[in-house]
1. Could you identify the single residue in ARG50, ARG66 that is closer than 26 Å to SER108 by Cα, at pLDDT below 90 and not hydroxyl-bearing (Ser, Thr, Tyr)?
2. Answer yes if at least one residue in region 21-32 is hydrophobic (A, V, I, L, M, F, W, C) and exposed (fewer than 15 other Cβ atoms within 10 Å of the Cβ), and no otherwise.
3. Mind counting the residues in region 27-47 that are at pLDDT below 85 and either under 17 Å from THR86 (Cα atoms) or in a strand (DSSP E or B) (or both)?
4. Does ASP24 satisfy the condition of being in contact (Cβ under 8 Å) with a residue 12 or more places away in the chain and assigned to a loop (DSSP other than H, G, I, E, B)?
5. Could you check, for region 104-125, whether at least one of its residues is buried (at least 16 other Cβ atoms within 10 Å of the Cβ), at pLDDT below 95 and at positive phi?
6. Test PHE18 against the stated conditions and say whether it is in a helix (DSSP H, G or I) and surrounded by fewer than 20 Cβ atoms within 10 Å (Cβ to Cβ).
Amino acid sequence: MKRLEVKLFIDLGKIPQFLERFPDLKYICLGLKSTLSYWMEPKVVPGCIRTNLTTLKYTLCKETMRYDMKLLRYILGNAEVLKTVTVTCGHLFSPELFSLEEEKWVHSELLKFPRASMDCAIKVVALGLLH
């Protein structure tokens with residue numbers, strides 16, 4: 001499988017373990033509602049993240065944004081061939097909307113994260129602006 005789109009309730013800490021089942025993934029679209037109350041970076045990076053992932057689409061949930069950002073930092077720091085990251089601010093499962101200032105903050109923080117791929121472009125969009 002080279003493409004995966006998932007919308008589910010999950011502990012963010014289990015995402016790397018979940019992705020290990022799909023070693024050939026190049027495209028991941030994650031719309032998660034996390035049950036996580038903490039984040040611990042895994043010791044082993046799934047092969048798909050390190051050597052295959054070229055496109056990531058991720059939807060931030062305001063209630064768990066702190067942990068979502070840690071997962072994004074982990075992916076950006078380990079995805080060696082990543083070309084495009086699109087982060088959507090706002091979640092279908094969440095009643096809280098992001099302000100323009102919060103969206104700008106998310107974008108500026110993502111740009112500060114270390115990246116394993118120097119060719120990675122990062123885009124942040126509001127939930128209502130998706131195709």
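1. Details: ARG50 fails: at pLDDT below 90.
Exactly one of ARG50, ARG66 is closer than 26 Å to SER108 by Cα, at pLDDT below 90 and not hydroxyl-bearing (Ser, Thr, Tyr), namely ARG66.
2. Within region 21-32, the subset hydrophobic (A, V, I, L, M, F, W, C) is 22, 25, 28-30, 32.
Within this subset, residues satisfying the condition of being exposed (fewer than 15 other Cβ atoms within 10 Å of the Cβ) are none.
No, region 21-32 contains no residue that is hydrophobic (A, V, I, L, M, F, W, C) and exposed (fewer than 15 other Cβ atoms within 10 Å of the Cβ).
3. 4
4. Values: in contact (Cβ under 8 Å) with a residue 12 or more places away in the chain: yes; assigned to a loop (DSSP other than H, G, I, E, B): yes.
So ASP24 fits the description; yes.
5. Checked against the condition, which is being buried (at least 16 other Cβ atoms within 10 Å of the Cβ), at pLDDT below 95 and at positive phi, region 104-125 yields no hits at all.
6. Numbers: in a helix (DSSP H, G or I): yes; surrounded by fewer than 20 Cβ atoms within 10 Å (Cβ to Cβ): yes.
So PHE18 passes the test.
The values are calculated or read from the model by the stated rules, or taken from the named source; none is laboratory data. Here the structure is a predicted model, which means the values were calculated and not measured. Every residue, glycine as well, gets a Cβ built from its backbone with ideal geometry; the counts of neighbours run over all protein chains shown.
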